[in-house]
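Novice: Before I ask anything, here is the structure I am working with.
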Amino acid sequence: MLFRTVCFVVPLMVSVSMLHGQADLRSMNREFARIRADMKVLQEDQIHLLNRINGLVQENVAKEAQITELQKLLAALEARIQGVEAELRTRCDQLQAAMESEKGVRRKELDTAITAMSVEISKLDKVAAAAAAAAAADQTARARPAYTGKYVEIEVLKGDTLSAIAVKAGVPVSTLQQLNGLKDDTIRIGQKLKVPVAQ
């Protein structure tokens, strides 16, 4: 009887144990299936993230290339601006030098013109003075008595002019020119002149 009971209980326990093991196995299979599903989702998320990271890296590379290009353009623009500034400074310096040179030339031309005008005015003054002296001599000659053919010889001193000598002698300048063989009223220091003597 005991043997029969043991023979019945042991297989029963084995059956119960097997049933219990099968339930655990099913539960484990479900857990594995859920883990595999979660892993698949995680792998898909990882792939999506990797794709996103690759896209961001490519965008970053493109942005860096754009930044590099912009930096090159900026450097070229700065170099061009510096070149233009240098050219403008050079042109301004050249213009200023040309203006200073032109100013100097104009000043010299003006000084030359002023000197020439002064010389011409001085000549005109001398001519006017000679004309006035000649006119005065003519008046004096008319007012004084006529002179004889006698004359005295004088030496031209510094500051003497033919018109002044004519005024002192009371004769026209032309008379002194004829008497001394002069073609004009030019005389020199130390020159001997014949001056008529009035009666």
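The values are calculated or read from the model by the stated rules, or taken from the named source; none is laboratory data. Here the structure is a predicted model, which means the values were calculated and not measured. Virtual Cβ from ideal backbone geometry, glycine too; neighbours counted across all protein chains shown.
Novice: Within the stretch 120-153, how many residues turn out to be of a type in the set (V, I, T) and either closer than 12 Å to G170 by Cα or modelled with pLDDT under 85 (or both)? I'd like the intermediate steps shown before the answer.
Specialist: Step one: list which residues in the stretch 120-153 are of a type in the set (V, I, T), which gives 121, 127, 140, 148, 152.
Of the ones still in play, those that are also either closer than 12 Å to G170 by Cα or modelled with pLDDT under 85 (or both) are 127, 140, 148.
Within the stretch 120-153, residues that are of a type in the set (V, I, T) and either closer than 12 Å to G170 by Cα or modelled with pLDDT under 85 (or both) number 3.
Novice: Additional query: Is at least one residue of the stretch 176-183 in contact (Cβ under 8 Å) with a residue 40 or more places away in the chain and either over 60 Å from the mean Cα position of the chain (by Cα) or not in a loop (DSSP other than H, G, I, E, B) (or both)? Step through it out loud before you land on a result.
Specialist: As a first pass, look at the stretch 176-183 and keep what is in contact (Cβ under 8 Å) with a residue 40 or more places away in the chain: none.
There is no residue in the stretch 176-183 that is in contact (Cβ under 8 Å) with a residue 40 or more places away in the chain and either over 60 Å from the mean Cα position of the chain (by Cα) or not in a loop (DSSP other than H, G, I, E, B) (or both).
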